[in-house]
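The values are calculated or read from the model by the stated rules, or taken from the named source; none is laboratory data. Fair warning: this is a prediction, and the values are worked out from it, not measured in the lab. With ideal geometry, Cβ positions are generated from the backbone for all residues, glycine too; neighbour counts draw on all protein chains shown.
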Amino acid sequence: MFTPIAHWAQGHPLSAAFVAAVACGLLALAGWCAYRLLRAAARPSGSVLVASVGAAVCTAYSADTSWRFAEHRLGMTDATERLFMFGAAELALLACALLARASKRTTATDGQSGSPGVPGVLVWVLTGVQVIPAFAESGPVGGTVRAVVGPVMAGLLWHHAMGLEIRIARPGALSAGLLAQIGRELRERLLSRLGLATRDRTAEQISRDRAMHAGVRLASVLARTPGGPLAGWREQRLGAAVHRSGIATDPQQRHRFMRELAALLGARTLPTITAPAPWEEAPAPEPAPPTLLGLTGALLRQMHPVDAVHLVRDAHPGATPAEIAAELTRHGVVVSQTQVQIACREQPSELPSTPPAALRAASAAGQRRARIDVRVPGAGQEAAPDADTSVAPDANPDAPDTPEPDPRLDKARALDLEHRASHNGRPASLRTLQREMRIGQARAQSIRRQLDGGDDS
């Protein structure tokens with residue numbers, strides 16, 4: 001191979017010197033780049049260096065097998081042809097390993113490692129293909145040695161030396177490769193089949209659980225066929241299983257045993273249970289008819305709390321603040337006794353002179369009522385006329401039939417007429433009478449009633 005090159009160099013010394021200088025320059029440049037990369041990179045550990053050396057030796061071992069196989073089986077008799085072709089499998093194996101490493105780093109997540117993708121599968125496909133030349137050149141015995149020491153060990157050592165093993169780089173991560181997922185699934189199924197799927201159990205607890213399950217099974221069989229031909233043998237096995245399970249001394253184990261036995265014995269009743277279809281909608285419950293308390297509470301809740309306090313106080317003139325608060329709370333307006341006292345000191349808002357028929361007071365001065373009467377039309381009854389919803393007569397026999405006229409009634413009447421003229425016929429409110437005449441609430445209410453009585457007359 002080198003004889004033609006030597007003859008050419010002797011015949012063309014200048015050209016050979018130029019080519020040698022260029023080659024030396026390229027080698028020097030490559031060495032300098034390698035030196036800078038080694039200085040910039042982290043210093044590898046001793047185990048990585050040993051693994052790299054071992055992987056290189058195993059790759060050379062595999063290359064020797066490929067060299068011989070290319071000559072004897074592939075017909076590559078020319079040395080130059082074999083020199084360029086025999087290491088294709090080893091170079092492809094190394095390239096696929098590097099691509100698999102890059103794919104894992106790109107698709108890695110927090111909880112799991114990335115997937116090696118197609119290059120990861122090709123690594124083991126090429127390893128399996130390189131096993132064929134080993135057996136073809138050295139037979140079963142020698143081929144096994146060539147296969148294990150050559151391509152198989154080369155693939156594994158390069159895998160660890162380049163950091164492709166995820167358990168070394170990230171101990172808490174799981175591999176997302178196809179083979180790794182299949183292996184984990186098969187392992188879990190095997191452990192479940194052997195009864196070892198539950199972790200953190202001692203060997204004694206595993207034996208007790210197995211004896212308990214055997215006892216449950218034997219007890220259910222004896223309950224279904226009490227007089228069978230193997231009844232005596234099953235009873236002996238049941239006693240031994242109960243003894244090994246420890247249900248006589250362990251309350252938790254005994255509870256599990258009885259629950260599982262009840263489930264097996266009651267399994268025959270499962271087909272008789274009627275279960276509604278999940279797509280059938282349950283009928284909606286019919287709405288309850290409204291009650292007087294509910295209607296009254298709904299109307300009171302629509303009002304301002306201060307107005308509600310004034311309205312209930314007018315309906316119960318002699319009630320204490322605590323009783324007014326309890327009555328409002330019963331109707332859904334939650335107020336405290338202190339809030340009722342504060343509201344009673346404030347001036348009432350401008351309410352209509354005649355309250356709604358549903359909340360018209362049904363008690364007079366001196367008569368304490370324990371409820372608020374509400375008249376609801378319907379339910380087989382017609383609405384009562386307005387005359388029936390008027391304020392009940394005074395229940396106090398000592399009270400005068402007509403109140404005495406207030407000395408300042410004339411002034412109040414003039415103020416009311418002036419207010420009607422300036423407000424489109426609206427009478428003066430209690431707040432206006434109190435502010436203009438500087439009187440209290442009770443006196444303003446009395447003057448307002450006298451003014452209303454005079455207007456009606």
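Does at least one position in the range 197-219 carry a residue that is out of contact with any His (no Cβ under 9 Å at 6 or more places or on another chain), within 30 Å of VAL121 (Cβ to Cβ) and at pLDDT below 80?
Looking through the range 197-219, at least one residue is out of contact with any His (no Cβ under 9 Å at 6 or more places or on another chain), within 30 Å of VAL121 (Cβ to Cβ) and at pLDDT below 80.
Can you tell me how many residues within the range 317-332 are surrounded by fewer than 19 Cβ atoms within 10 Å (Cβ to Cβ) and touching a helix residue (DSSP H, G or I) at 6+ places or on another chain (Cβ under 8 Å)? It would help to see each step written out before you state the result.
If we filter the range 317-332 for residues that are surrounded by fewer than 19 Cβ atoms within 10 Å (Cβ to Cβ), which is where we start, we get 317-318, 320, 322-323, 326, 329-330, 332.
From what's left, touching a helix residue (DSSP H, G or I) at 6+ places or on another chain (Cβ under 8 Å): 322, 330, 332.
Matching residues across the range 317-332 total 3.
Output the residues belonging to the range 280-316 that are loosely packed, with under 12 Cβ neighbours inside 10 Å and closer than 22 Å to LEU430 by Cβ.
Quick first cut of the range 280-316, residues loosely packed, with under 12 Cβ neighbours inside 10 Å only: 280-289, 291, 302, 304.
Correct list: GLN302, HIS304.
May I ask you to list the residues in the range 211-244 that are touching a residue at least 24 places away in the same chain (Cβ under 8 Å), under 21 Å from ALA263 (Cα atoms) and among the charged types (D, E, K, R)?
Scanning the range 211-244 gives a single hit, ARG217.
Suppose we filter ALA248, ALA267 for residues that are of a type in the set (Gly, Ala, Ser), over 36 Å from the mean Cα position of the chain (by Cα) and either surrounded by fewer than 11 Cβ atoms within 10 Å (Cβ to Cβ) or on the phi > 0 side of the Ramachandran plot (or both); which single one remains?
Numbers: ALA267 fails: over 36 Å from the mean Cα position of the chain (by Cα).
After applying the criteria, what remains is ALA248.
Say whether the condition of being part of a helix (DSSP H, G or I) and either touching a Leu at 6+ places or on another chain (Cβ under 9 Å) or at pLDDT below 50 (or both) is met by at least one residue in the range 424-432.
Narrowing the range 424-432 to residues part of a helix (DSSP H, G or I): 430-432.
From what is left, the residues that are either touching a Leu at 6+ places or on another chain (Cβ under 9 Å) or at pLDDT below 50 (or both) are 430, 432.
Among the residues of the range 424-432, at least one is part of a helix (DSSP H, G or I) and either touching a Leu at 6+ places or on another chain (Cβ under 9 Å) or at pLDDT below 50 (or both), which makes the answer yes.
Show me the helices (runs of 4 or more DSSP H) found entirely inside the range 266-365 where at least 1 residues are modelled with pLDDT of 85 or more, under 23 Å from ASP452 (Cβ atoms) and not assigned by TED's automatic domain parsing to the domain that holds GLN445. Let's see the steps before the verdict.
Numbers: elements: 292-302, 305-315, 321-330, 337-345.
Once the helices (runs of 4 or more DSSP H) in the range 266-365 are filtered for at least 1 residues that are modelled with pLDDT of 85 or more, under 23 Å from ASP452 (Cβ atoms) and not assigned by TED's automatic domain parsing to the domain that holds GLN445, what remains is 305-315.
What helices (runs of 4 or more DSSP H) completely inside the range 3-113 contain at least 3 residues that are at pLDDT 80 or above and assigned by TED's automatic domain parsing to the domain that holds VAL148?
46-72, 88-106
Within the range 98-107, is there a residue that is within 18 Å of ALA134 (Cβ to Cβ) and either in contact with a strand residue (DSSP E or B) (Cβ under 7 Å, 6 or more places away or on another chain) or among the hydrophobic types (A, V, I, L, M, F, W, C) (or both)?
At the first step, the residues of the range 98-107 found to be within 18 Å of ALA134 (Cβ to Cβ) are none.
No: zero hits.
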